[in-house]
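What follows is calculated from the coordinates using simple rules that are stated; it is not laboratory data. Because the structure is predicted, anything quoted here is derived from the model rather than measured. Note: ideal-geometry Cβ built from the backbone for every residue, glycine included; neighbour counts use all protein chains shown.
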Amino acid sequence: MIDRRPIRLLLATATLLAAGCATQPPQPPTPLAQDELAQFLAGSRDARFYGITIYRDTAGARFEFANRVHPSRFAEMPMASRQGVPFPLVRAKTAALADCPLLLDSTARQNWLLLGSTAAMEYVPFEPPMGEYADHVVAEIPGYAGRANKIVLDSLHVESPVFLVPPAHGRLGSLARLETLGNRIQAVMGAALMRSFAFIRFDFPGHRIGFSTSDDYQPPKPSAVLAELPLQEWRGRPVVQARLGGEPIALLLDTAGDFDLVVPRTASVPGGALELDKLTLADPRVAAAADLGLPENFPARLGLGVLARYVVTLDYTHRRVWFEDPRILRATAGVPSTDKPAPAPVNYRGITR
């Protein structure tokens, strides 16, 4: 489903070969036969049975009252991807407490689920059948929308998640490339579910992800903040405004993209430094989308080649994106901060000096 080229592919492959492990090239998914597809859709139910209302807009179907998170919950989980491979993969659980390796991909509009995992997730497709092709990758097989049972992230529960399931045997398309590095993936958390959280904090260098459903995000060390940018959206995905070579550019943040910066081939993109608020990168590698097998009709993307250097927080409550310096955070870990902002003065009503 996702067409990515793993970061440090040569290094990781060399490590596997040195360990005596042979990897197999990923096999493309095999579409279901017509009778198998009919059987897959046979148990469909109206979305309203689950309290879900379906709307349509220019971006596609929108599922109101789906992807519901419990309030006042926080969970921090280690990334389940291999060390040195910073893909934000976590070991989620199903309602039956079965493991469900879940990749967080901020460019996927909806959640995606492997056909072989539908039983564990108690997935039921919607009636009448509906779905869509993924637009953030080149996809030959669409996904059918349906409701699954809850996702459990440590102590945090997500009720009535909606997944798109490609009717095909095998892996989720080219996600299989990640699995050659030992990362088993059964599902993808897309932007629709990510927006249900108050904030998600990707500590890429620390290999951890924090999820909050109600809290306000406060950077633990203000001096570590390298950039604070307004969080904008393109069809539900997170976008920030930046400057490349002195020219403005809108960048979609791609938490599963193994590249620095990708632009449509038709775009006129200047070379030079990338500026994100106070953060300046002199050496971003700019690639054309078509050269990586990605769709052309998609905004420019900022991928893990840049994001994985920092602690990146998507603050959906206050519509902000935070980039923090992991070196400053690690250096002050466990040390009381002396650089917190001064508290706001209190206005004691009815009392004057």
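Going 7 Å from the Cα of THR58 toward and past its Cβ, which residues in the stretch 230-252 have a backbone nitrogen under 18 Å from where you end up? Under cut-off, by backbone N: 232-240, 250-252. Expressed in Å, the radius of gyration and Dmax of the Cα atoms of the stretch 222-330 are 13.4, 41.
By a straight-distance test (C-alpha under 14 Å), which aspartates and glutamates pair with LYS278 as possible cross-link partners, with residues fewer than eight away in the same chain excluded? List returned: GLU228, GLU324, ASP325. Stokes-Einstein, applied to the Kirkwood radius of the stretch 87-210 over Cα pairs at a viscosity of 0.890 mPa s and 25 °C, places its translational diffusion at 167 µm² s⁻¹. When only alpha carbons of the stretch 289-332 are considered, Rg and Dmax amount to 14.5, 43 Å. Rounded to the nearest 20 debye, the dipole size of the stretch 222-330 about its Cα centre is 120 debye, using +1 on the Cβ of Lys and Arg and -1 on the Cβ of Asp and Glu.
So how much slack lies between ARG208 and GLU233, counting 0.36 nm per residue of separation and subtracting their Cα-Cα distance, in nm? Working shown, then result.
Details: separation 25, 0.36 × 25 = 9.00 nm, distance 2.46 nm.
Using 0.36 nm per residue and subtracting the Cα-Cα distance, I get 6.5 nm.
Between the listed residues VAL225, ALA273, PHE298, the Cα displaced farthest toward the positive end of the dipole of the stretch 222-330, a dipole computed from Cβ unit charges relative to the Cα centre, is found at VAL225.
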